[in-house]
Amino acid sequence: MKYRTQKIAYWFFASALVLLSLQLVYGFIMGFARVGYDTLHPWIPFNTARAVHTNLLVVWLLCGFMGAAHFIIPEEAERELEWPWLAHAQLISLLVVGVIAIGCYHFNIWEGRKFLEIPRPLDWLVVVNVLAFLANIGVTLWRGTRHTTTSLVLYMGLLFAALLYLPGMLQVDNQTVDSFYRWWVVHLWVEGVWELIMGGILAYLLIKLTGVDREVIEKWLYIIVGLTFLSGILGTGHHYYFIGTPRYWLWIGGIFSALEPLAFLGMAIFAIAMSKKGGRRHPNRIALTWSLGCAVMAFVGAGFLGMAHTLPSVNRFTHGTLVTAMHGHMAFWGAYAMIVLAMIAYALPLLTGRRLWDTPIANWAFWTSNIGMTAMTGALAVAGITQVNLERRIGLDFLAVQKEIEMHFVGFLLAAALFTLGIALYIVHFCRHGLPTDEALSRAEEDLPADWVPVAK
Amino acid sequence: MSASASGRFTQAERFRQCKPGRLPLRTNPRRALPVGTGEGAGKECPRPGSIDRGQGVVGHGCQAVLSDETFKQREGTMLSKSQARLFFLGGTGLFGAAFLALTVDSMRQIPALTHEDRLTEPVARGKRIWEDNNCMGCHTLFGEGAYYAPELTQVVQRRGKPWIAMFLRDPEKMFPGERRMVKYDFTQEQIGDLIAFLEWCGGVNLQGFPPEPPLRALMRPAAVTSAGGTPAPEIYQTICAACHSVGGAGGVVGPALDEVHRRKTREEMLVWIEDPQKIKPGTAMPLIEMTPAQREEIVDYLLSLAATPAPAAPKPQTPAETYE
Ligand code: HEM
Ligand code: HEM
Ligand SMILES: [Fe+2]
């Protein structure tokens with residue numbers, strides 16, 4: 001850590017992990033409801049649990065991105081954060097708004113549009129909050145001595161994510177138009193601007209962890225985000241197949257969304273190639289493991305499993321079934337949850353000055369959570385494919401089919417327990433670092449231990 | 001090399017230095033590490049002799065030196081960073097513009113595709129009720145939403161308005177012991193609005209969604225489909241058939257009714273329908289509000305089934321419960 005104000009990142013990371021834990025609790029509530037134990041139904045019906053689960057997901061990821069920005073931007077711009085007090089105020093207000101929103105969901109107060117359930121007045125608070133964040137980071141970057149591609153891509157991602165939130169607030173009477181613009185938020189976030197954020201963070205981590213030259217890494221970063229937008233913008237069409245929009249979206253959405261995996265494939269090849277090129281010489285190997293894992297799992301979850309149901313002829317049958325939930329879990333995990341966890345793994349020793357890299361707990365956390373998530377995805381895949389065949393191909397009644405696939409949710413819950421164990425270990429690892437401290441300040445490019453000798457492995 | 005004078009390297013330099021005791025691994029200039037313009041630029045490698053300046057070979061993972069020219073030459077042969085930036089900006093601009101153009105065209109076509117002329121005030125109110133209660137948190141509509149409860153796009157066409165109105169008043173009564181839905185205290189008017197909204201949704205041109213199940217025809221033995229008797233009255237089709245089947249067609253919550261005429265007399269049937277709970281407390285069948293004339297109509301229909309031979313094919317599914 002070179003700048004005092006980078007310490008603020010720690011609080012964003014800690015909040016993200018708290019929200020993640022809460023997200024999992026609500027995941028279990030839904031999982032148990034699906035195997036018949038819906039005892040909480042009078043207080044937390046399924047739609048409440050779901051809104052909380054997915055909103056917490058989005059909020060903890062945003063929290064993680066903001067933490068990453070507070071760590072990366074001062075270092076890239078080579079100066080302290082412009083208004084540290086604003087960063088604190090902004091984090092606290094974000095959490096307060098989040099908690100109020102989640103509270104509202106328990107009292108049937110929301111705007112029931114998937115992923116955008118936050119009640120309207122709170123929407124405006126979110127906008128103000130994000131503007132404060134962008135101003136703080138933006139001015140820091142602007143006044144900085146260095147404008148790197150990595151920091152610009154990261155900033156552009158965050159800025160466009162904020163702008164794209166606005167069409168989601170459009171109020172119309174036509175359900176089709178409503179859906180049309182809702183996807184400008186949901187799709188253009190996860191398959192557009194968030195990939196910029198992910199790419200920016202990944203590039204930063206690779207520069208630091210592999211030592212490969214910035215120029216090389218940033219060149220490939222441009223190619224990858226170029227591929228993202230080339231395919232992802234018109235790829236929005238894969239949500240416009242069956243919602244009352246013109247027929248041409250079937251082939252436009254089909255062709256362009258089928259190109260989307262290229263960006264994720266590029267990301268995976270890029271990360272692996274850079275780590276080979278630079279060698280795994282950095283002692284914080286767990287951070288590199290998370291970074292490479294992120295690139296690979298993002299390709300599997302978003303690229304491969306997205307491709308599996310993106311063509312209109314397939315999507316006609318899988319649209320709105322558990323196949324979508326299968327893809328949603330692994331894609332969010334691989335691309336966005338893992339990049340945040342990678343960033344935390346990298347930054348934590350630097351923020352706290354404790355070099356707990358590569359401990360057994362950290363490694364167990366990585367493998368347990370990833371195996372757990374893979375198994376969860378497998379269980380949802382089996383349930384989803386069975387649902388598609390029985391309900392969509394044979395035409396059996398919805399609830400009769402749900403009964404048939406109930407047993408797969410027992411498997412799903414066991415896998416989720418394994419996954420949760422992994423996250424618990426990660427949090428233990430996080431806590432063992434203690435709090436951030438100014439003693440960790442160092443002008444050195446890398447805070448490596450003085451006696452560190454690179455191991456030739 | 002700043003710190004080499006003192007014989008010690010800073011941590012950062014240590015990280016960048018050559019691996020001690022190792023000879024250059026890659027001497028092929030094309031595969032060598034292309035480093036040098038960035039962070040490590042201008043620093044000297046602490047292990048003299050391992051670098052071939054002439055060709056810019058930095059063969060053993062050394063991050064220290066490579067002249068800007070050599071670097072640019074090597075990396076620039078394929079694609080330069082500015083070309084990469086151009087690809088990003090150009091692609092984004094081009095496809096962003098195409099997307100906006102298609103959006104304009106979609107907005108032009110959507111009114112016709114969705115029959116906006118039928119989007120009345122009750123439909124708009126229904127949509128707000130739909131959102132205010134986050135129905136999408138369990139159901140899908142146009143295939144969007146959650147996967148816990150049935151797809152509702154064509155529910156009005158499938159179930160009919162009376163059934164939905166009855167169901168919304170007390171969902172659990174209609175599917176006892178099944179997955180639970182929240183019991184909302186909707187007024188009669190709100191229920192009307194919701195039905196108007198869902199009916200409007202059912203009329204939207206969804207380009208063939210939901211698809212007709214391709215295997216359905218193969219799964220139904222032909223003999224079963226010919227249910228005889230007089231045509232079923234509307235009240236039977238919209239309410240009773242949701243749970244009961246005749247000739248293999250209908251719901252599976254209650255028993256099939258093909259042979260109910262053998263088990264029950266006309267009077268028994270009438271009393272049963274009037275209030276099933278009174279005859280058999282705890283039964284899954286709810287009290288359905290009907291006029292006496294409607295009850296007569298239903299019983300007439302069920303008795304008329306006696307005139308048709310019982311279907312030869314096996315019953316499609318075992319009923320959840322019999323009322324015997
Ligand atoms: C990291 C990137 C991605 C994330 C986080 C993600 C996540 C999701 C989520 C949560 C949904 C459900 C949305 C809803 O129904 O409201 C979804 C739907 C979908 N995704 Fe992705 N996705 C990603 C990338 C991709 C890619 C690259 C493709 C295509 C190759 C893809 C194809 C699809 C399709 C076709 C659907 C619609 C499923 C349906 O019709 O029900 N996704 N995605
Ligand atoms: C303990 C672990 C978890 C459990 C038990 C769990 C369970 C569930 C359940 C039951 C659903 C609802 C599916 C439906 O509509 O029927 C759901 C939705 C969802 N969960 Fe999880 N979840 C867990 C962890 C996660 C994690 C770690 C992520 C992201 C990284 C995640 C992302 C999502 C998303 C995006 C959806 C919406 C999917 C869609 O609409 O297609 N979940 N989860
Ligand atoms: Fe998408």
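The values are calculated or read from the model by the stated rules, or taken from the named source; none is laboratory data. Predicted model, so just to flag it, every value in this text is computed and none were measured. For neighbour counting, all protein chains shown are included, and Cβ atoms are generated from backbone atoms with ideal geometry for every residue, glycine included. Side chains included, ligands, DNA and RNA excluded: accessible areas come from the protein's heavy atoms. Shrake-Rupley method; radii C 1.70, N 1.55, O 1.52, S 1.80 Å.
Exactly one condition in (1) touching a strand residue (DSSP E or B) at 6+ places or on another chain (Cβ under 7 Å); (2) away from ligand 1 (no atom under 14 Å from the Cβ); (3) of a type in the set (Gly, Ala, Ser) is not met by residue A:395; state its number.
Looking at each condition in turn, residue A:395 falls short on (1).
Has segment A:212-233 got at least one residue that is in contact with a helix residue (DSSP H, G or I) (Cβ under 6 Å, 6 or more places away or on another chain) and within 16 Å of ligand 2 (Cβ to nearest atom)?
Among the residues of segment A:212-233, not one is in contact with a helix residue (DSSP H, G or I) (Cβ under 6 Å, 6 or more places away or on another chain) and within 16 Å of ligand 2 (Cβ to nearest atom), which makes the answer no.
Looking at A:316, A:354, which one is away from ligand 2 (no atom under 11 Å from the Cβ) and within 14 Å of chain B (Cβ to nearest Cβ)? Explain how you work it out, then say what you get.
Values: A:354 fails: within 14 Å of chain B (Cβ to nearest Cβ).
One residue alone meets the criteria, A:316.
Can you name the condition, by its number, that residue B:86 falls short on among (1) assigned to a helix (DSSP H, G or I); (2) at pLDDT 95 or above?
The one condition residue B:86 does not meet is (2).
Only one residue in A:258, A:273, A:268 is within 13 Å of ligand 3 (Cβ to nearest atom), over 16 Å from residue B:113 (Cβ atoms), part of a helix (DSSP H, G or I) and aliphatic (A, V, I, L, M). Which one? Working first, answer last.
Numbers: A:273 fails: within 13 Å of ligand 3 (Cβ to nearest atom); A:268 fails: within 13 Å of ligand 3 (Cβ to nearest atom).
Answer to the selection: A:258.
Restricting to segment A:277-313, name every residue that is within 11 Å of chain B (Cβ to nearest Cβ), open to solvent by 10 Å² or more (accessible area, probe 1.4 Å) and in a helix (DSSP H, G or I).
Within segment A:277-313, A:277, A:312, A:313 meet the criteria.
From B:249, B:232, B:256, which residue is within 28 Å of residue B:300 (Cα to Cα) and either free of Cβ contacts under 8 Å to residues at least 60 places away in the same chain or out of contact with any strand residue (DSSP E or B) (no Cβ under 8 Å at 6 or more places or on another chain) (or both)? Write out each step before concluding.
Numbers: B:232 fails: either free of Cβ contacts under 8 Å to residues at least 60 places away in the same chain or out of contact with any strand residue (DSSP E or B) (no Cβ under 8 Å at 6 or more places or on another chain) (or both); B:256 fails: either free of Cβ contacts under 8 Å to residues at least 60 places away in the same chain or out of contact with any strand residue (DSSP E or B) (no Cβ under 8 Å at 6 or more places or on another chain) (or both).
Sole residue among the options that is within 28 Å of residue B:300 (Cα to Cα) and either free of Cβ contacts under 8 Å to residues at least 60 places away in the same chain or out of contact with any strand residue (DSSP E or B) (no Cβ under 8 Å at 6 or more places or on another chain) (or both): B:249.
What's the total number of residues in segment A:174-185 that are within 10 Å of chain B (Cβ to nearest Cβ) and either away from ligand 3 (no atom under 16 Å from the Cβ) or closer than 22 Å to residue B:88 by Cα (or both)?
Going through segment A:174-185, the residues within 10 Å of chain B (Cβ to nearest Cβ) turn out to be A:174-184.
If we keep only those that are either away from ligand 3 (no atom under 16 Å from the Cβ) or closer than 22 Å to residue B:88 by Cα (or both) too, we end up with A:174-178, A:184.
Number of matching residues: 6.
State which residue is farthest from ligand 2 (Cβ to nearest atom) when the search covers only segment A:413-442 and only residues that are more than 14 Å from chain B (Cβ to nearest Cβ) and in contact with a Lys or Arg (Cβ under 7 Å, 6 or more places away or on another chain). Can you show your working first?
If we filter segment A:413-442 for residues that are more than 14 Å from chain B (Cβ to nearest Cβ), which is where we start, we get A:413-439.
Filter once more, so that each one left must be in contact with a Lys or Arg (Cβ under 7 Å, 6 or more places away or on another chain): A:433-434, A:436, A:438.
Details: A:433: 22, A:434: 26, A:436: 26, A:438: 34 Å.
Per the stated criteria, the residue is A:438.
Taking only segment B:113-146 into account, find how many residues are of a type in the set (D, E, K, R), surrounded by 22 or more Cβ atoms within 10 Å (Cβ to Cβ) and assigned to a helix (DSSP H, G or I). Full working, then the answer.
Quick first cut of segment B:113-146, residues of a type in the set (D, E, K, R) only: B:116-118, B:121, B:125, B:127-128, B:131-132, B:144.
Applying the additional criterion that residues be surrounded by 22 or more Cβ atoms within 10 Å (Cβ to Cβ) yields B:127, B:144.
Subset that is assigned to a helix (DSSP H, G or I): B:127.
Number satisfying all stated conditions: 1.
Can residue A:252 be described as of a type outside the set (Gly, Ala, Ser), facing another protein chain (nearest Cβ under 8 Å), touching a residue at least 12 places away in the same chain (Cβ under 8 Å) and surrounded by fewer than 22 Cβ atoms within 10 Å (Cβ to Cβ)? Show your work before the answer.
Numbers: of a type outside the set (Gly, Ala, Ser): yes; facing another protein chain (nearest Cβ under 8 Å): yes; touching a residue at least 12 places away in the same chain (Cβ under 8 Å): yes; surrounded by fewer than 22 Cβ atoms within 10 Å (Cβ to Cβ): yes.
Answer is yes for this residue.
Among the candidates A:326, A:373, A:343, single out the residue that is modelled with pLDDT of 95 or more, in a helix (DSSP H, G or I), in contact with a His (Cβ under 8 Å, 6 or more places away or on another chain) and crowded, with 21+ Cβ neighbours inside 10 Å.
Values: A:326 fails: in contact with a His (Cβ under 8 Å, 6 or more places away or on another chain); A:343 fails: in contact with a His (Cβ under 8 Å, 6 or more places away or on another chain).
Answer to the check: A:373.
To keep it simple, each residue is scored yes or no on (1) open to solvent by less than 10 Å² (accessible area, probe 1.4 Å); (2) more than 14 Å from every other protein chain (Cβ to nearest Cβ); (3) under 26 Å from residue A:10 (Cβ atoms).
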| residue | (1), (2), (3) |
| --- | --- |
| A:58 | no, yes, yes |
| A:64 | yes, yes, yes |
| A:69 | yes, yes, yes |
| A:95 | no, yes, yes |
| A:102 | no, no, yes |
| A:119 | no, no, no |
| A:123 | yes, no, no |
| A:130 | no, yes, yes |
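Restricted to segment A:319-349, and to residues that are of a type in the set (Val, Ile, Thr) and within 14 Å of another protein chain (Cβ to nearest Cβ), which residue is nearest to ligand 1 (Cβ to nearest atom)?
Initial filter on segment A:319-349 (of a type in the set (Val, Ile, Thr)): A:321, A:323-324, A:339-340, A:344.
The next check asks that each one be within 14 Å of another protein chain (Cβ to nearest Cβ); those that pass are A:321, A:323-324.
On the way: A:321: 7, A:323: 7, A:324: 4 Å.
This residue is A:324.
Answer with yes or no whether residue B:172 is under 30 Å from residue A:232 (Cβ atoms) and either assigned to a helix (DSSP H, G or I) or within 16 Å of ligand 3 (Cβ to nearest atom) (or both).
Values: under 30 Å from residue A:232 (Cβ atoms): no; either assigned to a helix (DSSP H, G or I) or within 16 Å of ligand 3 (Cβ to nearest atom) (or both): yes.
Spelling it out, it is not the case that residue B:172 is under 30 Å from residue A:232 (Cβ atoms) and either assigned to a helix (DSSP H, G or I) or within 16 Å of ligand 3 (Cβ to nearest atom) (or both).
Can you tell which of A:16, A:49 is within 16 Å of ligand 2 (Cβ to nearest atom), within 12 Å of chain B (Cβ to nearest Cβ) and not acidic (Asp, Glu)?
Values: A:16 fails: within 12 Å of chain B (Cβ to nearest Cβ).
Being within 16 Å of ligand 2 (Cβ to nearest atom), within 12 Å of chain B (Cβ to nearest Cβ) and not acidic (Asp, Glu) holds for just one of A:16, A:49, which is A:49.
Quick one: how many residues across segment A:178-187 are open to solvent by 20 Å² or more (accessible area, probe 1.4 Å) and more than 16 Å from ligand 2 (Cβ to nearest atom)?
First, pick out the residues of segment A:178-187 that are open to solvent by 20 Å² or more (accessible area, probe 1.4 Å): A:181, A:183-184, A:186.
Subsequent filtering for residues that are more than 16 Å from ligand 2 (Cβ to nearest atom) retains A:181, A:184.
Selection size over segment A:178-187: 2.
Residue A:400: more than 16 Å from ligand 2 (Cβ to nearest atom) and either open to solvent by 30 Å² or more (accessible area, probe 1.4 Å) or under 28 Å from residue A:257 (Cα atoms) (or both), yes or no? Walk me through how you get there before you give the answer.
Numbers: more than 16 Å from ligand 2 (Cβ to nearest atom): yes; either open to solvent by 30 Å² or more (accessible area, probe 1.4 Å) or under 28 Å from residue A:257 (Cα atoms) (or both): yes.
Yes: the conditions hold for residue A:400.
Which of the helices (runs of 4 or more DSSP H) found entirely inside segment A:75-171 contain at least 1 residues meeting this: under 24 Å from the mean Cα position of the chain (by Cα) and within 16 Å of ligand 3 (Cβ to nearest atom)? Steps first, please.
Details: elements: A:84-105, A:120-143, A:149-165.
Hits in segment A:75-171: A:149-165.
Kindly list the number of the only condition in (1) more than 14 Å from every other protein chain (Cβ to nearest Cβ); (2) within 17 Å of residue A:225 (Cβ to Cβ) that fails for residue A:262.
It fails just one condition, (1).
Suppose the filter is surrounded by 24 or more Cβ atoms within 10 Å (Cβ to Cβ), touching a residue at least 60 places away in the same chain (Cβ under 8 Å) and either more than 13 Å from ligand 1 (Cβ to nearest atom) or of a type outside the set (Phe, Trp, Tyr) (or both); does residue A:222 pass it? Outline the logic, then answer.
Values: surrounded by 24 or more Cβ atoms within 10 Å (Cβ to Cβ): no; touching a residue at least 60 places away in the same chain (Cβ under 8 Å): yes; either more than 13 Å from ligand 1 (Cβ to nearest atom) or of a type outside the set (Phe, Trp, Tyr) (or both): yes.
Answer is no for this residue.
Of the conditions (1) surrounded by fewer than 21 Cβ atoms within 10 Å (Cβ to Cβ); (2) within 16 Å of ligand 2 (Cβ to nearest atom), residue A:173 clears all except one; give me its number.
Among (1) surrounded by fewer than 21 Cβ atoms within 10 Å (Cβ to Cβ); (2) within 16 Å of ligand 2 (Cβ to nearest atom), the lone unmet condition for residue A:173 is (2).
Mind checking whether some residue in segment A:224-232 is within 18 Å of residue B:105 (Cβ to Cβ), assigned to a helix (DSSP H, G or I) and within 14 Å of ligand 3 (Cβ to nearest atom)?
Taking segment A:224-232 and keeping what is within 18 Å of residue B:105 (Cβ to Cβ), we get none.
Within segment A:224-232 (the criterion being within 18 Å of residue B:105 (Cβ to Cβ), assigned to a helix (DSSP H, G or I) and within 14 Å of ligand 3 (Cβ to nearest atom)), the answer is no, since none of the residues qualifies.
Hey, could you check segment A:189-200 for residues that are among the hydrophobic types (A, V, I, L, M, F, W, C) and more than 16 Å from ligand 2 (Cβ to nearest atom) and say which is nearest to residue A:269 (Cα to Cα)?
Within segment A:189-200, the subset among the hydrophobic types (A, V, I, L, M, F, W, C) is A:189-190, A:193-194, A:196-198.
Checking which are more than 16 Å from ligand 2 (Cβ to nearest atom) leaves us with A:193, A:196.
Details: A:193: 20, A:196: 17 Å.
This residue is A:196.
Within segment B:106-123, restricting attention to residues that are free of Cβ contacts under 8 Å to residues at least 60 places away in the same chain and touching a Ser or Thr at 6+ places or on another chain (Cβ under 7 Å), which residue is nearest to residue A:250 (Cα to Cα)? Full working, then the answer.
Just the residues of segment B:106-123 that are free of Cβ contacts under 8 Å to residues at least 60 places away in the same chain, to begin with: B:106-112, B:116-117, B:121.
With the extra rule that they be touching a Ser or Thr at 6+ places or on another chain (Cβ under 7 Å), the set shrinks to B:106, B:110.
Values: B:106: 13, B:110: 15 Å.
Top of the filtered list is B:106.
Sort out which residues of segment A:315-335 are within 14 Å of ligand 3 (Cβ to nearest atom) and over 20 Å from residue A:412 (Cβ atoms), and write them in order of number.
A:315, A:319, A:335
Tell me which residues, restricted to segment B:199-229, are at pLDDT 90 or above, open to solvent by less than 50 Å² (accessible area, probe 1.4 Å) and in a helix (DSSP H, G or I).
Scanning segment B:199-229 gives B:200, B:201, B:202, B:203.
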